[in-house]
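Novice: The structure that follows is given in the form of structure tokens.
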Amino acid sequence: MNTLQTRKTTFECLFKNILSVNYVENWNCFDTEDKAVNPIVIFETKKWNKLISLCKDFVNKNTDIYNIEVGMIKGFIHKYEAENFKGGK
């Protein structure tokens with residue numbers, strides 16, 4: 001089981017475009033002390049490789065560089081591939 005951490009807006013973007021209940025085993029949202037800061041969502045998935053594959057497919061199909069959702073998902077991919085490369089979860 002992989003535990004992933006992201007901001008609430010990125011999680012909502014992933015859920016809107018890619019995720020389904022089939023990919024999220026458990027999730028929690030944690031508010032920050034500063035209400036102006038985007039809350040953190042921690043979620044667990046057993047299907048890490050499939051999730052990243054779907055994210056990459058979404059980015060490849062949506063080439064509009066000004067689309068904020070594409071940018072958020074690119075950032076998500078980059079963050080977790082970097083962690084995985086360094087020996088993270």
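The values are calculated or read from the model by the stated rules, or taken from the named source; none is laboratory data. Bear in mind the structure is a predicted one, so any value in this text is a computation, not a measurement. Quick reminder, even Gly has a Cβ in these numbers, built from the backbone with ideal geometry, and neighbours come from all protein chains shown. Just so you know, the surface numbers come from the protein's heavy atoms only, side chains and all, with ligands and any DNA or RNA stripped out. Shrake-Rupley method; radii C 1.70, N 1.55, O 1.52, S 1.80 Å.
Novice: If you take the residues of region 1-25 that are over 9 Å from the mean Cα position of the chain (by Cα) and of a type in the set (Ser, Thr, Tyr), which of them is surrounded by the most Cβ atoms within 10 Å (Cβ to Cβ)?
Specialist: The selected residue is 23.
Novice: Something else about it: Could you list all residues from region 1-36 that are out of contact with any strand residue (DSSP E or B) (no Cβ under 9 Å at 6 or more places or on another chain) and either at pLDDT below 85 or aromatic (Phe, Trp, Tyr) (or both)?
Specialist: 15, 20, 21, 22, 33, 34, 35, 36, listed by residue number.
Novice: Which one is nearest to residue 4 (Cα to Cα), of the residues in region 38-89 that are in contact (Cβ under 8 Å) with a residue 40 or more places away in the chain and open to solvent by less than 20 Å² (accessible area, probe 1.4 Å)?
Specialist: 43
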